[in-house]
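Take a look at the structure set out below.
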């Protein structure tokens, strides 16, 4: 069994040393690094796991289509090193949920953490809210960990709350398998799997369209002779 943890070792001093944590947060706040502070609003230390961009989500999602809460996962034993990572994530409150992605036939699981941030939309005046004008509506950054927190902020600021939007990001915590393949190889495997899934459907559709093309003259003639309606013509073509 091969295991890969994706925790960023460069952040270990921030994660493990309380003094460094406090200094990191203080410096980020003093310098107005709002985007950096997003990492620690709901956690004790900066988020040390890599963000899964859309390409990574598509590749791993193709190879590991089943997604289940890590507490419910029973396909294979979770290795001790991964268990430690999951316990660490829970203690640091990094994620709103953690799921195991896997495949029924060849599991090769990955552990994925999810963060959800909220943004509030609001109006500056009651008159603007009564009008409900889209153009007069403004939004906060995605700085809040719950809808309630976002709403409370708007009301505390004396503004007029409208609604909330959410933004979800996913992070790769760990993966384990008999053999851990590099991303390029995983991409090729995902491509082959997608071909197997969709090519038969597309080839079937092509054959059906070709059959309609082959009988087009006969079908059009039936329409011109008044034997089928235009609706039948469109359906057949």
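Just so it is clear, none of the values below were taken in a lab; they were calculated from the coordinates. As the structure is a prediction and not an experimental result, all values here were calculated from the model.
Here the mean projected area of the convex hull built on the C-alpha positions of region 68-141 is 8.1 nm².
The angle between the Cα long axis of helix 18-30 and the main principal axis of the chain comes to about 70°, on a 0 to 90 degree scale. Computed over the chain, the per-residue total of -39500 (n - 2.57) for DSSP H runs of n ≥ 4 gives a 222 nm mean residue ellipticity of -14000 deg cm²/dmol, rounded to 500. Rounded to whole Å, the principal axis extents of the Cα atoms in region 96-232 read 73, 58, 22, largest first. Each listed q (0.09, 0.17 Å⁻¹) maps to a log10 I(q)/I(0) for region 39-167, found by the Debye formula over equal Cα scatterers with no solvent: -0.40, -0.92. Its Cα gyration tensor gives region 140-181 an equivalent ellipsoid; the semi-axes, largest first and in whole Å, are 39, 8, 7. From largest to smallest, the equivalent ellipsoid semi-axes obtained for region 194-236 from the alpha-carbon gyration tensor read 30, 10, 4 Å.
Helix 147-156 and the longest principal axis of the C-alpha atoms of the chain enclose an angle of approximately 60°. Gap in Å between the Cα centre of region 163-237 and the Cα centre of region 74-127? One Cα centre to the other: 31 Å. On C-alpha positions alone, give me the angle between the axis of helix 54-63 and the longest principal axis of the chain, in degrees, nearest 10. In the chain, helix 54-63 runs at an angle near 70 degrees to the longest axis.
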